[in-house]
1. With the requirement that a residue be modelled with pLDDT of 90 or more, open to solvent by less than 10 Å² (accessible area, probe 1.4 Å), within 23 Å of the chain's Cα centre (by Cα) and not β-branched (Val, Ile, Thr), what does the range 52-93 give you?
2. List every residue pair whose Cβ atoms sit under 8 Å apart, with the two residues 6 or more apart in sequence or on different chains, where the first one lies in the range 210-224 and is at negative phi and the second, anywhere, is aromatic (Phe, Trp, Tyr) and part of a helix (DSSP H, G or I).
3. Among (1) at pLDDT 90 or above; (2) in contact with a Gly (Cβ under 8 Å, 6 or more places away or on another chain); (3) surrounded by fewer than 15 Cβ atoms within 10 Å (Cβ to Cβ), there is one condition residue 98 misses while meeting the rest; what is its number?
4. Looking at (1) free of Cβ contacts under 8 Å to residues at least 12 places away in the same chain; (2) within 28 Å of residue 186 (Cα to Cα), which is the one condition that is false for residue 99?
5. Among the residues of the range 165-188 satisfying the criterion of being assigned to a helix (DSSP H, G or I) and open to solvent by 60 Å² or more (accessible area, probe 1.4 Å), which is nearest to residue 91 (Cα to Cα)?
6. What do you reckon, is residue 122 under 26 Å from residue 162 (Cα atoms), open to solvent by 60 Å² or more (accessible area, probe 1.4 Å) and assigned to a helix (DSSP H, G or I)?
7. Name every residue in the range 188-223 that is modelled with pLDDT under 90, among the small types (Gly, Ala, Ser) and farther than 26 Å from residue 96 by Cα, in order of residue number.
8. Where the second residue is of a type outside the set (Gly, Ala, Ser) and open to solvent by less than 20 Å² (accessible area, probe 1.4 Å) and the first is under 18 Å from residue 226 (Cβ atoms) and part of a helix (DSSP H, G or I) and lies in the range 58-74, which pairs have Cβ atoms under 6 Å and are six or more apart or on separate chains?
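The values are calculated or read from the model by the stated rules, or taken from the named source; none is laboratory data. None of these values were measured; they are calculated from a predicted model. All Cβ positions, glycine included, derive from the backbone under ideal geometry; neighbour counts span all protein chains shown. Please note that ligands, DNA and RNA were not included when accessible areas were found on the heavy atoms of the full protein model with its side chains. Shrake-Rupley method; radii C 1.70, N 1.55, O 1.52, S 1.80 Å.
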Amino acid sequence: MPTCSCQRNPTIIAVLSCVIAATPAAAGGGGAIGGGATEWTQLLNNSELIAVVGKSTEQINNQITQITQLAQQIQNQLKIYENMLQNTAQLPQHIWGQVEQDLNQLRNLVGQGQGIAFSMGNADDVLKQRFKSYADFKTNLPTGSTFSSTWQGWSTTNRDTIGASLKAAGLTSDQFTSEEATMGQLRGLSQSADGQMKALQVGHQIAAQQVAQMQKLRGLFSQQVTMMGTWYQSQQAKDDLAQARRDQFFTSTAPSTSGGQTMEPRW
């Protein structure tokens, strides 16, 4: 495993520097963050775990920004397709092919957001298991909640919101859980103008929801990063103080034994 920069530079950004690099990418999301609890628990020792709870705040924030921007672009593009469909009997096949690509990319973006939530929830769980100081660390979250449970709440709300949009259009979440299922459903909807409009409208709704959900995800991530950084710095301060005391003990000069009565032989 590569050396982690936060062992040399214990800043908030450096705290999140290595672990997710050791986990597989989220399904469907190139370069995304993901992976299960087993990857987190395969870390070799506690000092390594302290140093490796993510890639970096900057990198993850950039990914969240990218997801948000792409969702906004898809939202705008689907609106253009809706307007085109209102002025024609049915979208031609080459245009519908672009619609399919956009909707499948939107499905991938949803998966990437879920991957971030899953990974950060795992980080919170594993650190609490390994470090009592982390488990006891106070946060500004509502009473009784943890980052792990809050991430789970975000993930559940996100899924339920998407499911409600699909249900309103007569679709199910299962039809949009994989690329194969999504493409099959979209091919069926492409056979009529009504089906095309249904797909465009539900896609537009989901894209808008993702923009809002990613903003919430960014805020939650920022809270957790700040707390982790504060905890790590408090641990580092304790370690530095203990080391300073050890150094002082071993390098201090022994007290002088001179000044007492001189022992002289007396005959």
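1. 71
2. Cβ pairs passing all conditions: 213/154; 216/154; 217/154; 220/147; 220/151; 220/154; 223/147; 224/147.
3. Among (1) at pLDDT 90 or above; (2) in contact with a Gly (Cβ under 8 Å, 6 or more places away or on another chain); (3) surrounded by fewer than 15 Cβ atoms within 10 Å (Cβ to Cβ), the lone unmet condition for residue 98 is (2).
4. Here residue 99 meets the rest and fails (1).
5. Step one: list which residues in the range 165-188 are assigned to a helix (DSSP H, G or I), which gives 165-168, 173-176, 179-188.
Those still in the list that are open to solvent by 60 Å² or more (accessible area, probe 1.4 Å) too: 167-168, 174, 179-180, 187.
On the way: 167: 24, 168: 23, 174: 26, 179: 22, 180: 22, 187: 13 Å.
Among residues in the range 165-188 that are assigned to a helix (DSSP H, G or I) and open to solvent by 60 Å² or more (accessible area, probe 1.4 Å), the one nearest to residue 91 (Cα to Cα) is 187.
6. Details: under 26 Å from residue 162 (Cα atoms): yes; open to solvent by 60 Å² or more (accessible area, probe 1.4 Å): no; assigned to a helix (DSSP H, G or I): yes.
No; evaluated as a whole, the condition is false for this residue.
7. Passing the criteria: only 222.
8. Within 6 Å, the pairs are 64/214.
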